[in-house]
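Asks: Below is the structure I would like to discuss, written out as structure tokens.
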Amino acid sequence: MIDARLVAFEAVVKEGGFERAAARLKLTQSAVSQRIKLLESEYGQVLLVRSKPVQPTPAGRRLLPYLGQLRLIQGEAERALHPGARDRPLSLPVGLNADSLATWFLPAISQVVEENSLVLDCVVDDQDHTHALLANGEVLGCVSARADPMRGCAAMRLGVMRYRCLASPAFRARHFPRGLTRAALLRAPAIVYGRHDDMQESFLRRRFGLETGQYPHHVVPSSEGFASFAAAGLGYGFVPELQVREALAEGRLVDLAPEQQEPVELFWHHWQIQSPLMARLAAALVAGAARALEAVA
């Protein structure tokens with residue numbers, strides 16, 4: 001069993017305070033506080049900043065990533081020792097970008113998830129920011145655009161997702177009859193995924209000297225919704241080619257800047273010492289990505 005003091009520490013961090021952690025663990029607030037004090041005494045370091053909300057100290061942040069691994073290893077050990085536990089689902093928190101979730105990720109992992117009775121806790125963020133989820137201990141592995149693994153981790157190449165600046169033919173005819181121009185871009189509504197989506201921003205700044213706030217834009221925090229907005233003629237934006245190949249072939253979407261395709265190389269980051277289940281998941285992801293994504297040049 002995972003040490004009760006570690007369980008209390010994790011609960012306080014996730015809940016942002018002692019009172020909510022106590023309610024989650026069905027303990028008194030005093031009992032939770034005592035467990036944290038014992039843990040800090042054993043490690044000889046302060047692990048929590050008693051603020052509102054409570055935050056882990058640098059030492060506490062270094063401890064967090066190990067707790068998810070301990071829980072998974074405990075679950076796998078129980079399965080190995082108790083046949084009745086083999087069908088009990090194990091939770092695996094993973095980080096990934098919305099476009100991977102909408103395209104190649106599920107076909108890649110569906111078989112290993114079903115065969116091993118797993119339940120995935122998918123934490124979605126931009127591919128440039130999922131790396132932080134692993135560092136903070138929120139996930140056990142992540143799909144990221146970063147090539148460099150953090151200390152204690154490894155990174156496996158997956159492949160390339162190619163993004164194209166797309167819109168409907170009617171939108172192009174209405175807003176860009178003479179092609180992309182700075183004047184037209186000041187009026188035409190763009191589509192952005194959210195605050196971490198900087199592909200559109202970088203393109204408009206680099207090519208046309210436009211800064212965020214100078215042009216209208218929809219915020220659509222859904223990969224499927226993003227593509228639907230473009231197909232409905234409501235805006236233009238960078239969409240993964242993998243997601244809309246049929247719409248492109250049928251002419252329902254058109255490329256506004258064929259010379260400006262954006263390749264994004266993806267990697268799977270995981271701890272160097274993996275449990276058997278995480279190793280199986282990683283192998284399935286690499287194989288599935290090889291089938292769906294472009295090979296690395």
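The values are calculated or read from the model by the stated rules, or taken from the named source; none is laboratory data. Please read all numbers here as calculations on a predicted model, not as lab measurements. Ideal geometry is used to build each Cβ from the backbone, glycine not excepted, and the neighbour counts take in all protein chains shown.
Asks: Can you say whether G141 is in contact with a Phe, Trp or Tyr (Cβ under 9 Å, 6 or more places away or on another chain) and at positive phi, as far as the supplied structure shows?
Replies: On the way: in contact with a Phe, Trp or Tyr (Cβ under 9 Å, 6 or more places away or on another chain): yes; at positive phi: no.
Considered against the rule, which asks whether it is in contact with a Phe, Trp or Tyr (Cβ under 9 Å, 6 or more places away or on another chain) and at positive phi, G141 comes out as no.
Asks: OK, next. Name the residue, out of G44, G75, that is on the phi > 0 side of the Ramachandran plot, in the same structural domain as K14 (by TED's automatic domain parsing) and free of Cβ contacts under 8 Å to residues at least 40 places away in the same chain. Steps first, please.
Replies: Working: G75 fails: on the phi > 0 side of the Ramachandran plot.
Sole residue among the options that is on the phi > 0 side of the Ramachandran plot, in the same structural domain as K14 (by TED's automatic domain parsing) and free of Cβ contacts under 8 Å to residues at least 40 places away in the same chain: G44.
Asks: Okay, next question. Among F229, F203, which is the only one that is of a type in the set (F, W, Y) and either under 27 Å from C122 (Cβ atoms) or touching a Lys or Arg at 6+ places or on another chain (Cβ under 7 Å) (or both)? Don't jump to the end; show me each part of the working.
Replies: Values: F203 fails: either under 27 Å from C122 (Cβ atoms) or touching a Lys or Arg at 6+ places or on another chain (Cβ under 7 Å) (or both).
Answer to the check: F229.
Asks: If Y66 satisfies all but one of (1) surrounded by 15 or more Cβ atoms within 10 Å (Cβ to Cβ); (2) touching a residue at least 40 places away in the same chain (Cβ under 8 Å); (3) aromatic (F, W, Y), what's the number of the condition it fails?
Replies: Answer for Y66: the failing condition is (1).
Asks: While we're on this one: Can you tell me which condition V139 does not meet? The list is (1) crowded, with 16+ Cβ neighbours inside 10 Å; (2) among the hydrophobic types (A, V, I, L, M, F, W, C); (3) outside any loop (DSSP other than H, G, I, E, B), and all the others hold.
Replies: Here V139 clears every test but (3).
Asks: State the number of residues belonging to region 2-34 that are assigned to a loop (DSSP other than H, G, I, E, B) and under 28 Å from the mean Cα position of the chain (by Cα).
Replies: So the first thing to find is which residues in region 2-34 are assigned to a loop (DSSP other than H, G, I, E, B), and the list is 2-3, 16-17, 26-28.
Filter once more, so that each one left must be under 28 Å from the mean Cα position of the chain (by Cα): 2, 16-17.
Number satisfying all stated conditions: 3.
Asks: Additional query: Take F238 and tell me if it is part of a helix (DSSP H, G or I) and not charged (D, E, K, R). Spell out the reasoning first.
Replies: Details: part of a helix (DSSP H, G or I): no; not charged (D, E, K, R): yes.
When the stated conditions are applied, F238 does not pass them.
Asks: Moving to a separate point now. Just to verify a result, which residue in region 265-290, among those that are in contact with a Pro (Cβ under 9 Å, 6 or more places away or on another chain) and modelled with pLDDT of 95 or more, is farthest from L140 (Cα to Cα)? Give the steps one after another, and end with the answer.
Replies: Residues of region 265-290 in contact with a Pro (Cβ under 9 Å, 6 or more places away or on another chain): 267, 269-272, 288.
Next, only the ones that are modelled with pLDDT of 95 or more stay: 267, 269, 288.
Details: F267: 14, H269: 9, G288: 19 Å.
Restricting to residues being in contact with a Pro (Cβ under 9 Å, 6 or more places away or on another chain) and modelled with pLDDT of 95 or more, the top hit is G288.
Asks: Return the only residue of L166, L118 being hydrophobic (A, V, I, L, M, F, W, C) and under 24 Å from S223 (Cα atoms).
Replies: Details: L118 fails: under 24 Å from S223 (Cα atoms).
Exactly one residue qualifies, and that residue is L166.
Asks: Filter region 143-158 for residues that are part of a loop (DSSP other than H, G, I, E, B) and of a type in the set (G, A, S) and give the result.
Replies: Filtering region 143-158 down to residues part of a loop (DSSP other than H, G, I, E, B) leaves 145-152.
Selection gives A145, A147, G152.
Asks: Is it the case that some residue within region 276-286 is under 19 Å from the mean Cα position of the chain (by Cα), part of a strand (DSSP E or B) and crowded, with 19+ Cβ neighbours inside 10 Å?
Replies: No: zero hits.
Asks: So which helices (runs of 4 or more DSSP H) are wholly in region 48-125 and hold at least 3 residues that are at pLDDT 85 or above and over 28 Å from G225 (Cα atoms)? If you could, list the steps in order and put the result at the bottom.
Replies: Values: elements: 58-81, 98-102, 105-115.
Here the list reads 58-81.
Asks: Report whether or not V32 is under 30 Å from L242 (Cβ atoms), out of contact with any Pro (no Cβ under 9 Å at 6 or more places or on another chain), crowded, with 16+ Cβ neighbours inside 10 Å and hydrophobic (A, V, I, L, M, F, W, C).
Replies: Working: under 30 Å from L242 (Cβ atoms): no; out of contact with any Pro (no Cβ under 9 Å at 6 or more places or on another chain): yes; crowded, with 16+ Cβ neighbours inside 10 Å: yes; hydrophobic (A, V, I, L, M, F, W, C): yes.
So V32 fails the test.
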